[in-house]
Amino acid sequence: TQLLEQSPQFLSIQEGENLTVYCNSSSVFSSLQWYRQEPGEGPVLLVTVVTGGEVKKLKRLTFQFGDARKDSSLHITAAQPGDTGLYLCAAFYNQGGKLIFGQGTELSVKP
Amino acid sequence: KAGVTQTPRYLIKTRGQQVTLSCSPISGHRSVSWYQQTPGQGLQFLFEYFSETQRNKGNFPGRFSGRQFSNSRSEMNVSTLELGDSALYLCASSGGYGNTIYFGEGSWLTVV
C-alpha cells in the first residue's frame, strides 16, 4: 500500500495549458517535498512545505499543503516544454531519514 | 561544491552474480541513503547510514546490504542478482534530519 498516492500518473498537454498534480495520504506528515526528475538524472528538490495551508510559489509553479497536512498539490501555469519530466511528492517516514515517495506523475508538454 | 557522485553509471550483470555500487556524498554530509527506482514500483527506500551506522532500513531482502566508511562514502551490495533487481539505484546525501536531500545521477543496473 502506497502511503503517498499521486495523481494523475501520466499527463500530456499542450504548451500554454495549466495543470495540477495531487499527492494524497491517510497519514499526517510534518512536511512534504516535491521533486522533479529528468531522464537519466536523480530527483531534484523543488520545494518543501511544512505548515498546514501553506502556499509556496516558484515562478509558474504553485505548491499547496493541505490544512490537515495529509495532502498537497502542485499547479503549473502556462506549461512549457521545459517543464517535461517526472514530478514526485515525498515525505519523511516517522520523522526519520527514510523518505517515501509517491508513484510520480510523468508530465509531457508538447510545443 | 561537488554534488553526490555515484559509480559506476551503467553496468550489466548476470543472474546469480553480485554487484557493488559506490556513492560519494557532498562534502560535509554525514547521512547517505539509497533508493531503488523501477518503472513498476517507483522510488523505494533501501537504507540510510549516518556516521557509519545503519539508521533506517526499507523492506528489501537481505541480499541488499550497505555500509558507510569513516569518510562518509557509502557502498551498497546486492548478492545473488535476480532479473527483478534491474533498476536505477540512487544515492542521496544530507547534512542530517530535516535537511535537504541531494540525489546523485544514479547507477543503472541491468541483470540479464
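The values are calculated or read from the model by the stated rules, or taken from the named source; none is laboratory data. The structure presented is a predicted model; accordingly, all values stated were derived computationally and were not measured. Heads up, the Cβs are rebuilt from the backbone with ideal geometry, glycines too, and the neighbour counts pull from every protein chain shown. Just so you know, the surface numbers come from the protein's heavy atoms only, side chains and all, with ligands and any DNA or RNA stripped out. Shrake-Rupley method; radii C 1.70, N 1.55, O 1.52, S 1.80 Å.
Once you list every other residue whose beta carbon is under 15 Å from the beta carbon of residue B:49, what net charge do they have if Lys and Arg are +1 and Asp and Glu are -1? Let's see the in-between values first.
On the way: positive: A:98, B:30, B:55, B:57, B:67, B:73; negative: B:48, B:52, B:75.
Surrounding charge for residue B:49 is +3.
For every other residue with a beta carbon closer than 9 angstrom to the beta carbon of residue B:77, add +1 if it is Lys or Arg and -1 if Asp or Glu, then tell me the sum. Every neighbour counted, the sum reads +1.
Expressed as a whole percent, the accessible area of the protein assembly as shown that falls on carbon and sulfur atoms is 48 (1.4 Å probe). In loop segments of segment A:1-109 as defined by DSSP, the trypsin sites (Lys or Arg not before Pro) with at most 12 further C-beta atoms inside 10 Å of their C-beta are A:59. Pairs of Cα atoms nearer than 8 Å and 6+ residues apart set the relative contact order; for chain B it is 36 percent.
The contact residues of segment B:41-80, meaning those that lose at least 40 Å² of 1.4 Å-probe accessible area when all protein chains sit together rather than their chain alone, are B:43, B:45. Computed from backbone phi, the HN-Hα couplings of segment A:10-22 come to 10, 8, 10, 9, 8, 3, x, 7, 9, 8, 9, 10, 10 Hz, rounded to whole numbers (Karplus: 6.51 cos²θ - 1.76 cosθ + 1.60, θ = phi - 60°; Gly and Pro given as x). How many Å² of accessible surface get buried when B and A come together, counting both sides, probe radius 1.4 Å, rounded to the nearest 100? Approximately 1400 Å², summed over both chains. Taking Cα centre as origin and charging only the Cβ of basic (Lys, Arg, +1) and acidic (Asp, Glu, -1) residues, the dipole magnitude of chain A rounds to 260 debye.
Over chain A, what is the relative contact order in percent, taking alpha-carbon pairs closer than 8 angstrom and at least six residues apart?
36 percent
Overall form of segment A:25-111: oblate. Here a/c, set by the Cα gyration tensor axes a ≥ b ≥ c, is 1.5 or more, and a/b is not larger than b/c.
Remark: segment A:63-70, residue by residue, has Karplus-estimated 3J(HN,Hα) of 10, 10, 10, x, 4, 8, 6, 10 Hz, where x stands for each Gly or Pro and the curve is 6.51 cos²θ - 1.76 cosθ + 1.60 at θ = phi - 60°.
By DSSP, what percent of the beta bridges with both residues in chain B are antiparallel, rounded to the nearest 5?
Values: 37 of 41 bridges.
Percent antiparallel among DSSP bridges in chain B is about 90.
Of the three principal axes defined by the Cα atoms of chain B, the extents in descending order read 37, 26, 26 Å.
On a per residue basis, chain A carries 48 Å² of accessible surface, using protein heavy atoms and a 1.4 Å probe.
Looking at chain B, the accessible area is 47 square angstrom per residue; that uses a 1.4 Å probe and ignores ligands, DNA and RNA.
How long is the gain from residue A:106 to residue A:20 if the chain were fully straight, where each residue apart is worth 0.36 nm and the alpha carbon distance is subtracted?
On the way: separation 86, 0.36 × 86 = 30.96 nm, distance 1.22 nm.
Additional length available on full extension: 29.7 nm.
Loop-resident chymotrypsin sites (Phe, Trp or Tyr not before Pro) (DSSP state other than H, G, I, E or B) in segment B:1-78 with no more than 15 further Cβ atoms inside 10 Å of their Cβ: B:69. Considering only B:32, A:61, A:14, the residue lying farthest towards the positive end of the dipole of the protein assembly as shown is B:32, judged by Cα position with unit charges set on Cβ.
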